Amino acid sequence: MRLSYKTIPILFLIVLTFFSNAQVPQGPKLIVRGDDMGSSRSANLASIETFVNGIETSIEVMAIAPWFPEAARMLRQNTGVEVGLHLAITSEWDGVKWRPLSNCPSLTDGDGYLLPKIRPNPNYPGLAILDNPWKLGEVEQEFRAQIELALKHVPQINHLSGHMGATGFHPDVANMTARLAKEYGLMLIDADLMQESGIGRTSYAGPKGTSEEKEASFIRMLENLEAGKAYQFVDHPSYDNLEMQGVGHIGYEQVAEDRQGVTETWTSEKVKESIARFGIELVDFNTIVKALPRSEPEKENVDPAAIQEYLEAVKSHDQDLHSLMILRNGKVVFEHWLGDNAANKSHVMFSVSKTFTATAIGFAVQEGLLDVSDKVISFFPDQLPKEMSQNLEALEIRHLLTMSVGHDVDPTGILRERADADWVEAFLAFPIPHKPGEQFVYNSLATYMLSAILTKVSGERLLDYLQSRLFRPLGITGATWDKSPQGIAIGGWGLKVKTEDMAKLGQFYLQKGKWNGKQLLKESWFEEATSKQVPSLPAGVKRENLKVKTKDSDWLQGYGYQLWQSRHNSYRADGRDGQFILVLPEKNAVIVTTANISNMQAELNLIWEHLLPAFED
């Protein structure tokens with residue numbers, strides 16, 4: 001169809017309107033931060049309740065407090081929430097006290113408890129840190145002890161904050177804490193970061209003495225938030241029970257009643273409805289501070305009209321696309337969510353999980369924990385079948401990575417039907433009629449074996465292992481991973497992350513392991529992982545039954561280390577029903593989709609038809 005000069009401006013306005021709606025945030029962003037987990041059992045339970053059933057997005061845990069062991073256990077069971085370490089050098093309550101983790105007498109009272117205040121307080125004369133000759137070296141020593149204990153037991157911690165001003169009561173303390181944050185690879189939530197990231201502080205807009213007043217004042221606060229801006233709201237969820245009724249200090253006696261009101265407000269249906277009505281996006285610190293850089297399509301030589309054509313084609317082909325994110329030159333040039341999907345919602349990855357697992361194996365190789373030539377049976381001497389074939393004995397980690405185990409069929413479905421089966425034992429007992437490395441058969445349980453091996457050699461859960469090496473540097477938080485009956489991360493599926501997290505992994509691969517100028521994972525790993533290691537076939541299809549030509553299929557281009565080769569000199573992480581991290585090195589671009597599209601080749605065909613030409617030279 002030929003467009004007349006009259007229709008061109010109209011089309012331009014339609015495209016402009018679409019991009020305005022798709023790319024510009026329509027409402028404010030709000031971090032709901034709950035402090036003092038670990039200080040009491042009630043605080044532990046309420047912190048998790050306000051995350052699971054409420055609006056809390058970030059939890060600050062105190063490693064020094066008496067209920068930290070339980071808090072750590074609960075946080076490891078709820079990896080979907082962002083966690084910060086609340087550094088503390090005071091013990092404020094009159095009826096319950098805690099001591100430092102290290103020997104720091106300049107910070108403690110005559111009984112060895114931490115002093116109750118930082119700044120002088122007439123109700124506690126002589127019992128503030130600034131009333132006494134405190135020592136910077138002891139503060140640093142104590143902070144280090146808390147950081148190392150917390151990271152040991154809560155690997156998903158990604159930032160530091162200060163309890164009662166502990167991290168900033170003196171310029172030397174502030175500088176020291178910033179140095180520690182950098183050393184341990186953690187964000188530091190302080191005034192500088194808040195200002196640099198454009199995060200403002202907000203609080204109740206009115207009285208807050210009762211639960212009812214808190215709820216009403218919180219909703220008024222929500223109504224006052226400005227579109228396009230980011231805010232932090234801080235309070236302390238807990239319960240009004242016997243435990244908390246024994247907690248308090250002079251000037252703050254009604255702690256239990258006050259903090260019960262926080263829990264009720266943060267789980268209130270009225271509050272949730274108000275957040276939706278005002279178009280507020282609930283986020284965490286990581287989402288704002290470690291977001292990928294943004295740009296406009298035209299600035300990165302991407303044709304916005306081609307993106308619009310793609311989305312129209314998706315609609316006309318009745319494809320259930322959930323999200324689309326496009327990166328070029330390391331910058332997000334387009335992002336869009338459809339239906340109930342949103343930037344702050346995690347999405348099931350299906351087999352995109354495999355690429356995250358393979359990345360963990362890359363780190364383990366780099367650290368000398370294993371080698372791709374290691375024999376699989378060497379890791380499981382107590383779980384081997386009574387009779388082992390030569391093919392099982394020859395099976396190496398590289399064969400798990402490339403899905404060339406030697407199976408005739410994928411054993412995953414067969415073994416998962418056996419509810420009582422140990423997945424490792426069942427995999428090792430499954431017949432391997434072909435020599436490893438000679439035949440590609442899509443094999444999700446092979447990826448599970450990679451996860452089991454990684455857990456063996458590292459002593460860590462797969463998700464925990466990735467936290468410090470990949471997730472924290474890239475700014476990926478809130479990931480969850482399903483486990484096998486044996487408690488091992490499934491590896492081949494079961495991961496949930498957000499669309500931007502997928503994009504970060506794609507960009508990490510495009511940059512061959514470099515992030516913010518630092519080589520996190522050696523470049524040689526990416527040369528191997530993204531190359532064609534073996535010929536490939538679609539899942540469940542044998543070569544003799546192929547009905548499609550190689551040039552027409554993105555499943556016949558070859559397979560690397562848990563990555564599919566694609567047409568147009570690209571490669572991808574690939575999950576059932578249309579989850580893609582598509583890396584195009586020649587275009588310096590990454591395309592990410594989440595979806596519920598069963599015909600994944602049709603999904604890719606539209607991407608090649610419309611989005612590939614959008615990347616102009």
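The values are calculated or read from the model by the stated rules, or taken from the named source; none is laboratory data. Because the structure is predicted, anything quoted here is derived from the model rather than measured. Cβ: placed from backbone, ideal geometry, glycine included. Neighbour counts: every protein chain shown. We work out accessible area using only protein heavy atoms, side chains counted, and drop any ligands, DNA or RNA first. Shrake-Rupley method; radii C 1.70, N 1.55, O 1.52, S 1.80 Å.
Of the residues Gln511, Gln507, which is open to solvent by less than 10 Å² (accessible area, probe 1.4 Å) and either of a type in the set (S, T, N, Q) or modelled with pLDDT of 95 or more (or both)?
It is Gln507.
Which numbered condition in (1) surrounded by fewer than 15 Cβ atoms within 10 Å (Cβ to Cβ); (2) of a type in the set (S, T, N, Q); (3) in a strand (DSSP E or B) is the only one that Gln565 fails?
(1)
Scan the stretch 395-422 for residues that are more than 21 Å from Thr455 (Cα to Cα) and either open to solvent by less than 40 Å² (accessible area, probe 1.4 Å) or touching a helix residue (DSSP H, G or I) at 6+ places or on another chain (Cβ under 6 Å) (or both) and jot them down.
Ser404, Gly406, His407, Pro411
Need the failing condition index for Glu425 against (1) at pLDDT 95 or above; (2) buried (at least 17 other Cβ atoms within 10 Å of the Cβ); (3) not in a loop (DSSP other than H, G, I, E, B), just the number.
Checking Glu425 against (1) at pLDDT 95 or above; (2) buried (at least 17 other Cβ atoms within 10 Å of the Cβ); (3) not in a loop (DSSP other than H, G, I, E, B), the one that fails is (2).
Taking the stretch 225-265 as the search range and keeping residues that are among the hydrophobic types (A, V, I, L, M, F, W, C) and closer than 27 Å to Gly95 by Cα, which one is surrounded by the most Cβ atoms within 10 Å (Cβ to Cβ)? If you could, list the steps in order and put the result at the bottom.
At the first step, the residues of the stretch 225-265 found to be among the hydrophobic types (A, V, I, L, M, F, W, C) are 225, 227, 230, 233-234, 242, 244, 247, 250, 255-256, 262.
Now drop any that are not closer than 27 Å to Gly95 by Cα, which leaves 234, 242, 244, 247, 250, 255-256, 262.
Values: Val234: 16, Leu242: 9, Met244: 22, Val247: 21, Ile250: 11, Val255: 19, Ala256: 21, Val262: 24.
So the residue we want is Val262.
Looking at the stretch 443-462, which of its residues are touching a residue at least 60 places away in the same chain (Cβ under 8 Å), open to solvent by 10 Å² or more (accessible area, probe 1.4 Å) and assigned to a helix (DSSP H, G or I)?
Across the stretch 443-462, the qualifying residues are Ser444, Lys456, Val457, Ser458.
Which pairs do you get when a residue that is aromatic (Phe, Trp, Tyr), found in the stretch 517-541, comes within reach of a residue that is at pLDDT 95 or above and assigned to a loop (DSSP other than H, G, I, E, B), reach meaning Cβ atoms under 9 angstrom, with the pair 6+ apart or on two chains?
From residues that are aromatic (Phe, Trp, Tyr), the pairs are Trp525/Lys512; Trp525/Gly513; Trp525/Tyr561; Phe526/Gln511; Phe526/Lys512; Phe526/Gly513.
Would you say Val52 is within 24 Å of Val139 (Cβ to Cβ) and either open to solvent by less than 30 Å² (accessible area, probe 1.4 Å) or under 18 Å from the mean Cα position of the chain (by Cα) (or both)?
Criteria not met by Val52.
Limited to the stretch 45-80, what total is found for residues that are assigned to a helix (DSSP H, G or I) and either among the aliphatic types (A, V, I, L, M) or touching a Lys or Arg at 6+ places or on another chain (Cβ under 9 Å) (or both)?
Adding up the residues that qualify gives 10.
Can you list the helices (runs of 4 or more DSSP H) found entirely within the stretch 195-281 that contain at least 3 residues being acidic (Asp, Glu)? Steps first, please.
Details: elements: 211-224, 242-245, 255-266, 269-277.
Ranges flagged: 211-224, 255-266.
When you check Leu130 against the structure, is it part of a helix (DSSP H, G or I) and surrounded by fewer than 17 Cβ atoms within 10 Å (Cβ to Cβ), yes or no? Don't jump to the end; show me each part of the working.
Numbers: part of a helix (DSSP H, G or I): yes; surrounded by fewer than 17 Cβ atoms within 10 Å (Cβ to Cβ): yes.
Yes: the conditions hold for Leu130.
Which residue pairs have Cβ atoms under 8 Å apart, sit 6 or more places apart or on different chains, and have a first residue in the stretch 83-97 that is open to solvent by 10 Å² or more (accessible area, probe 1.4 Å) and a second that is in a strand (DSSP E or B) and charged (D, E, K, R)?
Glu92/Lys117
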